[in-house]
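Notes follow the structure.
The values are calculated or read from the model by the stated rules, or taken from the named source; none is laboratory data. What you see is a predicted model; the values in this text were computed from it and never measured. No Cβ is skipped: glycine too gets one built from the backbone with ideal geometry, and neighbour counts run over all protein chains shown.
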Amino acid sequence: MIIEIIIIVFIIFGPSQIEHSNTETILIVYNPLNIKEHSFILDTYKKFLKEEKVPFKVVTPYFILTSKEKYFEKTYPTVIFPDYINKTLPGDMYFWALDYLTKGGNILAIYDVGTKTIRSNSKEKPVFSKLIGFRQILDEPKRSTAFDQSIIIFKNKKSADFFEIPKNNIEDSLYLSDINSGKLKYSIIKLKKLEDNFSGLIFAEGETSENERTKVIILQNNKPGNFLYVNLPLGKLKVLGDDFLFRSVIKTFLNRIIVAPYFVKTQFKNTTSDYNGKND
């Protein structure tokens, strides 16, 4: 039993990093438990950031939880948790994230982050639920219907413009669409609000074939830090050739939400202070 626990801990935490650039700024997190079948997802994020000349470092949860860096949030002001390669996260990541955000750090969490236990069982309350303000409905008996296909609707034109959605990919009714395919469908996870006094911003929602609505892009401002949750498998979409949402979300997060000086080629004029959408 003890040997089994040691092996599991080693698998989860693994080496502290795979690769990093000379200037360490953005952290991309992956869990060795989830990487075997989805290494191409990590490669996708790395390739994109390299193309955009964004400094980054690839690390495991162990690196974050055991870091002795005195001003961690200043050295690493942005942390990205990509889809599929962070299904399993230690419960302590929530407490780390809460402290990191209150010190000014910024987090982008994508799709199925923190939804699994070490043994690959679904968590009733995924790791970042409280930070999102919603939880993925993965507990029984609804787990079998939690993953669904959905069309995406932006809350208003300002929301779509904020994420720089291309004009040929959005209808006047604010649905994401394609000239050839019409309204586009994406994989989402159904969410349930945790508390009535939700104070975040909802930029986009999903609508299933059964007319069920769920949140897709949620921003929580944990002053002075920001937590953006995107309920779409962005990395996998880019791998499959559908990359405009991947690019729009990451660029908007870095250059409009946290106003990071990374994208010299595409500096945006607006910040979240220019967005006056209503809370949900």
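Yes or no: residue 98 surrounded by fewer than 21 Cβ atoms within 10 Å (Cβ to Cβ), over 30 Å from residue 178 (Cβ atoms) and among the hydrophobic types (A, V, I, L, M, F, W, C)? Steps first, answer last, please.
Values: surrounded by fewer than 21 Cβ atoms within 10 Å (Cβ to Cβ): yes; over 30 Å from residue 178 (Cβ atoms): yes; among the hydrophobic types (A, V, I, L, M, F, W, C): yes.
For residue 98, the condition - surrounded by fewer than 21 Cβ atoms within 10 Å (Cβ to Cβ), over 30 Å from residue 178 (Cβ atoms) and among the hydrophobic types (A, V, I, L, M, F, W, C) - is met.
Return the pairs, sorted by first residue and then second, in which the second residue is assigned to a loop (DSSP other than H, G, I, E, B) and of a type outside the set (Lys, Arg), the first residue lies in segment 117-129 and is under 21 Å from residue 37 (Cα atoms) and free of Cβ contacts under 8 Å to residues at least 12 places away in the same chain, the beta carbons are less than 9 Å apart, and the residues are 6+ apart or on different chains.
none
Consider residue 95 against the criteria (1) within 22 Å of residue 195 (Cα to Cα); (2) in contact (Cβ under 8 Å) with a residue 24 or more places away in the chain: it satisfies all of them except one. Which criterion is unmet?
(2)
Of the residues 198, 147, which is of a type in the set (A, V, I, L, M, F, W, C) and in contact with a Gly (Cβ under 9 Å, 6 or more places away or on another chain)? Quick ask: steps written out before the conclusion?
Values: 147 fails: in contact with a Gly (Cβ under 9 Å, 6 or more places away or on another chain).
Exactly one residue qualifies, and that residue is 198.
Residues checked against (1) surrounded by 17 or more Cβ atoms within 10 Å (Cβ to Cβ); (2) among the charged types (D, E, K, R); (3) out of contact with any Leu (no Cβ under 8 Å at 6 or more places or on another chain):
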residue	(1), (2), (3)
102	no, no, yes
108	yes, no, no
130	no, yes, no
153	yes, no, no
157	no, yes, no
168	no, no, yes
173	no, no, yes
181	no, no, yes
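What is the number of the single condition among (1) closer than 30 Å to residue 99 by Cβ; (2) surrounded by fewer than 19 Cβ atoms within 10 Å (Cβ to Cβ); (3) among the small types (Gly, Ala, Ser); (4) within 16 Å of the chain's Cα centre (by Cα) that residue 187 does not meet?
Unmet condition: (1).
Residues to consider are 23, 44; find the one that is of a type outside the set (Phe, Trp, Tyr), modelled with pLDDT under 50 and not in a strand (DSSP E or B). Break it down stepwise before answering.
Values: 44 fails: modelled with pLDDT under 50.
Among 23, 44, only 23 is of a type outside the set (Phe, Trp, Tyr), modelled with pLDDT under 50 and not in a strand (DSSP E or B).
Could you please tell me which pairs satisfy a Cβ distance under 6 Å, a separation of 6+ or placement on different chains, a first residue in segment 196-214 that is under 15 Å from residue 137 (Cβ atoms), and a second residue that is in a loop (DSSP other than H, G, I, E, B) and charged (D, E, K, R)?
214/190
Suppose we keep only residues that are closer than 21 Å to residue 114 by Cβ and over 13 Å from the mean Cα position of the chain (by Cα) within segment 218-237. Which one would you say is modelled with the lowest pLDDT? So that I can check it myself, show each step before the final result.
Filtering segment 218-237 down to residues closer than 21 Å to residue 114 by Cβ leaves 218-222, 225-237.
After this cut, where a residue has to be over 13 Å from the mean Cα position of the chain (by Cα) as well, the list is 221-222, 225, 237.
Working: 221: 84, 222: 76, 225: 91, 237: 94.
The selected residue is 222.
Of all residues in segment 32-48, which are of a type outside the set (Ser, Thr, Tyr), within 16 Å of residue 110 (Cβ to Cβ) and buried (at least 20 other Cβ atoms within 10 Å of the Cβ)?
The answer is 34, 38, 41, 42.
When you look at residue 108, is it in a loop (DSSP other than H, G, I, E, B) and either under 21 Å from residue 234 (Cβ atoms) or of a type in the set (Phe, Trp, Tyr) (or both), yes or no? So that I can check it myself, show each step before the final result.
Details: in a loop (DSSP other than H, G, I, E, B): no; either under 21 Å from residue 234 (Cβ atoms) or of a type in the set (Phe, Trp, Tyr) (or both): yes.
Here the answer is no, as residue 108 does not meet what is asked.
Are any of the residues in segment 60-80 under 21 Å from residue 237 (Cβ atoms), surrounded by 16 or more Cβ atoms within 10 Å (Cβ to Cβ) and in contact with an Asp or Glu (Cβ under 7 Å, 6 or more places away or on another chain)?
no
Quick one: residue 158 ticks every box in (1) modelled with pLDDT of 90 or more; (2) over 19 Å from the mean Cα position of the chain (by Cα); (3) in a strand (DSSP E or B) except a single one, so which number is it?
Status for residue 158: all satisfied but (3).
Consider residue 194 carefully, then state whether it is at pLDDT 85 or above and either surrounded by 18 or more Cβ atoms within 10 Å (Cβ to Cβ) or farther than 26 Å from residue 178 by Cβ (or both).
Criteria not met by residue 194.
Could you grab me the full set of residues in segment 47-77 that are over 12 Å from residue 26 (Cα atoms), of a type outside the set (D, E, K, R) and not in a helix (DSSP H, G or I)? If you could, list the steps in order and put the result at the bottom.
To start, the set of residues in segment 47-77 that are over 12 Å from residue 26 (Cα atoms) comprises 47-48, 51-52, 60-71.
Those still in the list that are of a type outside the set (D, E, K, R) too: 48, 60-67, 71.
Within segment 47-77, 60, 67, 71 meet the criteria.
So which residues in segment 238-275 are at pLDDT below 85, assigned to a helix (DSSP H, G or I) and either of a type outside the set (A, V, I, L, M) or under 19 Å from residue 221 (Cβ atoms) (or both), if there are any at all?
If we filter segment 238-275 for residues that are at pLDDT below 85, which is where we start, we get 258-275.
After this cut, where a residue has to be assigned to a helix (DSSP H, G or I) as well, the list is 264-266, 272-274.
265, 266, 272, 273, 274 - these are the residues of segment 238-275 that are at pLDDT below 85, assigned to a helix (DSSP H, G or I) and either of a type outside the set (A, V, I, L, M) or under 19 Å from residue 221 (Cβ atoms) (or both).
Can you tell me which residues in segment 78-88 are modelled with pLDDT under 95 and either assigned to a helix (DSSP H, G or I) or not hydroxyl-bearing (Ser, Thr, Tyr) (or both)?
87
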